Amino acid sequence: MKRMDQDLAFMLQYENVAWYEDGKARILDRRIYPTEVKFVECTTHEEVAKAIQDMVTQSAGPYTAAGMGMALAAFEAKDKKEKDQLEYMEKASYTISHARPTTANRMGLITNGCLKEWKKAVDSGQNPVDAVFSRTIDSLNRRYSTMEIVGEYLADMFPKNGTILTQCFGETIIGMMLRAAKKRNNDIKVYCAETRPYLQGARLTSSCCSQMGFDTTVITDNMIAYAMEHKNIDLFTSAADTIAKDGHIANKIGTYQIALLAKHFSIPYFVTGIPDIDKEKGTDIIIEERDPQQVLSYRGIKNTLEEVKGIYPSFDITPPSLISGIVTDKGIYSPYDLIRYFDSEVKEFY
């Protein structure tokens, strides 16, 4: 198998996303990267689910962590009575996939795929832990391969030596769009919105962009209008945690307001990702509300008085009227015509 992570930034290398080995799953702690390079080590699948819930890993990282968590669950189950093993694995699949509600449908594709592979290995007398681990690596490689195609289509939209604005951390697509830009000898500049409250854009996206050799600038979330007006932003792009068939997309909180500004300044906004077959409308998307303490403090330092309250919706929903195109592995679609994506065979992505 040819690995698809060559020439990508440190945190996009497979072993540095999440990895299973010898009864443990380790996950790069993206909450503190790049200030510190540390891995959270999990010895149970419940700990993996908790790490996903606590945003130890974000963007597409949880999909890899979920698969490695299922390999860990298979390790945990191997000494149980035969009749109890299947129930244990089914429970693990649910626990891991529902760690974060907004992406439970996509996470379920990962964990249920691992569960099927586990059953096949048990029935054929093979090592179920190895089978689930191998399935996870295959899924990871397939996802990178798919997003490489998406990255090629997106890079075609970049003006020569233009300036690109990103939001949050799009994981694989960041690496793939940059690799595609390099292949085209397109020396783009990247502006990264910081993305409060975890600063994924400032810490993660900017790290990948700079490590891959691109001129990279971080701006705070309230500098978007200024940057669009004065810094020659040519294109805005983000990934999406969910893409409904009616063209509504859910992405990190703040995406909606950037899309509004892009519309005002006539800057095209391209969303990357694979449409969700089980999401008909934007109203089908569940918005996760997280602990508001994450807004009121950062890295353990309280920013407000005790009586001050906060809210933390993790995502917002951007309507199709603000989206120039949705970039997929089959090309670029109008957000009003996404149903056409499903007219031809959909490759297994997860």
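Once you charge only the Cβ atoms, +1 for Lys and Arg and -1 for Asp and Glu, what is the size of the charge dipole of the chain about its Cα centre, to the nearest 20 debye? Working shown, then result.
Details: 42 positive and 48 negative charges, 97 e Å.
With Lys and Arg at +1 and Asp and Glu at -1, about 460 debye.
Please work out whether the chain counts as rounded, prolate or oblate from its C-alpha gyration tensor, where a ≥ b ≥ c are the square roots of the eigenvalues and a/c under 1.5 means rounded, while otherwise a/b larger than b/c means prolate and anything else oblate?
Judged from the Cα gyration tensor, the chain comes out prolate (a/c at least 1.5, a/b above b/c).
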Determine the shape class of the range 130-232: with a ≥ b ≥ c the square roots of the Cα gyration tensor eigenvalues, call it rounded for a/c under 1.5, and otherwise prolate if a/b is greater than b/c, oblate otherwise.
oblate
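Please compute the contact order of the chain in relative form: average sequence separation of alpha-carbon pairs under 8 Å and at least six residues apart, divided by the residue count, as a percent. Walk me through the numbers before you get to the answer.
Working: 678 pairs, mean separation 51.6, N = 350.
Worked out over the chain, it gives 15 percent.
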Can you flag which of 182/231; 50/81; 78/252; 2/281; 2/78; 24/281 are past 32 Å Cα-Cα?
78/252; 2/281; 24/281
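How much accessible area per residue does the range 1-150 have, counting only protein heavy atoms and a probe of 1.4 Å, in square angstrom?
43 Å²
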Principal-axis tilt of helix 61-77 within the chain, Cα atoms, nearest 10 degrees:
10 degrees
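Measure off, as a whole percent, the carbon and sulfur share of the 1.4 Å-probe accessible area of the range 14-85, all protein chains present. If you can, show how the numbers build up before the last one.
Values: 1330 of 2920 Å².
In the range 14-85, the share of accessible area belonging to carbon and sulfur is 45 percent.
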Leaving ligands, DNA and RNA out of it, work out the accessible area of residue 316 with a 1.4 Å probe and give it in Å² to the nearest 10.
20 Å²
Give the angle, between 0 and 90 degrees and rounded to the nearest 10, that separates the Cα long axis of helix 172-183 from the longest principal axis of the Cα atoms of the chain.
60 degrees
Helix 82-97 vs. the chain, principal-axis angle (Cα, 0 to 90°, nearest 10)
10 degrees
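So which GluC sites (Glu not before Pro) in the range 1-95 end up in coil per DSSP with only 16 or fewer other C-beta atoms within 10 Å? Spell out each step's value before the answer.
Values: sites: 15, 21, 36, 41, 46, 47, 76, 82, 87, 90; in loops: 36.
When the GluC sites (Glu not before Pro) of the range 1-95 are filtered for loop state and at most 16 Cβ neighbours within 10 Å, 36 remain.
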Contour minus Cα-Cα distance for residue 82 and residue 297 (0.36 nm per residue):
72.7 nm
Gap separating the Cα centres of the range 219-239 and the range 287-350, nearest whole Å:
18 Å
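Just to confirm the filter: which trypsin sites (Lys or Arg not before Pro) across the range 264-326 are DSSP coil and have at most 10 other Cβ within 10 angstrom of their Cβ?
Loop-located and lightly packed - 299, 309.
How much accessible area per residue does the range 167-212 have, counting only protein heavy atoms and a probe of 1.4 Å, in square angstrom? Please report the intermediate quantities before stating the final value.
Values: 1230 Å² over 46 residues.
Dividing the accessible area of the range 167-212 by its residue count gives 27 Å².
The values are calculated or read from the model by the stated rules, or taken from the named source; none is laboratory data. Since the structure is predicted, the reported quantities are computational estimates derived from the model, not experimental observations. Heads up, the Cβs are rebuilt from the backbone with ideal geometry, glycines too, and the neighbour counts pull from every protein chain shown. Calculation scope for accessible area: heavy atoms of the full protein, side chains included, ligands and nucleic acids excluded. Shrake-Rupley method; radii C 1.70, N 1.55, O 1.52, S 1.80 Å.
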